[in-house]
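Laboratory data are not the source of any read-out in this text; all were calculated from the coordinates shown. Values in this document were obtained by computation on a predicted structure and should not be read as measured data. Heads up, the Cβs are rebuilt from the backbone with ideal geometry, glycines too, and the neighbour counts pull from every protein chain shown.
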Ligand code: TMP
C-alpha cells in the first residue's frame, strides 16, 4: 500500500498524519514514513539544491526535472523495497505535487509534467492520495506563525501561484476520484487527524 499526502503550503498534513500513524502501528501495521523531495541521501542533496532560497536563477524545467530525479531515486532506494516487504509507505508529497506546482502553477502544463514523471516512476501511482485542502492565505499564515518551519524558495512565491497550486490539486482530485480523498484541512487539528485515520482505514479495509 502506497499512500501520499498532498496539499498547499501550511495545510498541516505532516502533523495530521502523525496521530494516524501511531494508531495504525498500535493496530500492528508496519509503516514507513517518508517525504519528497528527499527521503534518501541523494534525494536530500537534490532537495537542498531545489529549495535553496539563493537559487533564484533556477529555470522552471530544471526545477521539474530535479523533482523527478529526486522522486526516482527515492522510489528505487526506499519506496519500492518497503512495498515489496509488505509495508505501508506514507509519503509527504509525490507526483501530484509536481503536477500542481510545476504543471499548474509554473505553467509548464500538467500533461508535460505527467510525461516526465511516468518515465521517472515507471508508472508507479499511489493507492491512496489524501489531499489536505486549505485556502493558501490561511496556510501561509500558519507557516508565518510556526517559527520551527524554515521558509523555502517555493513559499516565497506570490499568493496567485499558491492559488493555482490549490486549484490544480482540486482538478487532479476530480480527474482521479478513485485514489483521491479530500480532507478539509481548515478544521481543527483533532478533526483533521480523525478524518485522516478514517480515510486510511477505509482504504485498508476495501
Ligand atoms: P515541504 O517539504 O515543506 O512540503 O516542501 C517541499 C516544497 O517543494 C513545497 O513547496 C512543494 C514543493 N514541491 C514541488 O514544487 N514539486 C514537487 O514535485 C514536490 C514533491 C514538492
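State the extension gain, in nm to one decimal, for the chain segment bounded by residue 45 and residue 137, taking 0.36 nm per residue of separation less the distance between their alpha-carbons. Could the numbers behind the result be given before it?
Details: separation 92, 0.36 × 92 = 33.12 nm, distance 2.99 nm.
Result for the pair: 30.1 nm of gain on full extension.
If a/c stays under 1.5 just call it rounded; otherwise compare a/b with b/c (prolate if a/b is bigger, oblate if not). Do that for the stretch 96-206, with a ≥ b ≥ c from the square roots of the Cα gyration tensor eigenvalues. Verdict is oblate for the stretch 96-206.
For residue 122 and residue 15, the difference between the fully extended length at 0.36 nm per residue and the C-alpha to C-alpha distance is 35.5 nm.
Would the stretch 73-138 count as rounded, prolate or oblate if I go by the C-alpha gyration tensor, calling it rounded below 1.5 in a/c and otherwise prolate when a/b exceeds b/c, oblate otherwise? Cα axes put the stretch 73-138 in the oblate bin.
If you run the Gaussian network model on the chain, springs between alpha carbon atoms under 10 Å, then out of 59, 111, 133 the most flexible one is 59.
Which residues does the label zone of residue 156 cover in the stretch 61-96, counting backbone N under 16 Å from a point 7 Å along Cα→Cβ? Once the point is set 7 Å along Cα→Cβ of residue 156, 63 turn out to lie under 16 Å by backbone N, inside the stretch 61-96. The stretch 1-68 and the stretch 172-206 have Cα centres spaced 18 Å apart.
Quick one: 205, 91, fewest Cβ neighbours within 10 Å first, how do they rank? Kindly include the intermediate steps, with their values, before the conclusion.
Working: 205 6, 91 24.
Fewest to most other Cβ atoms nearby, the residues stand as 205, 91.
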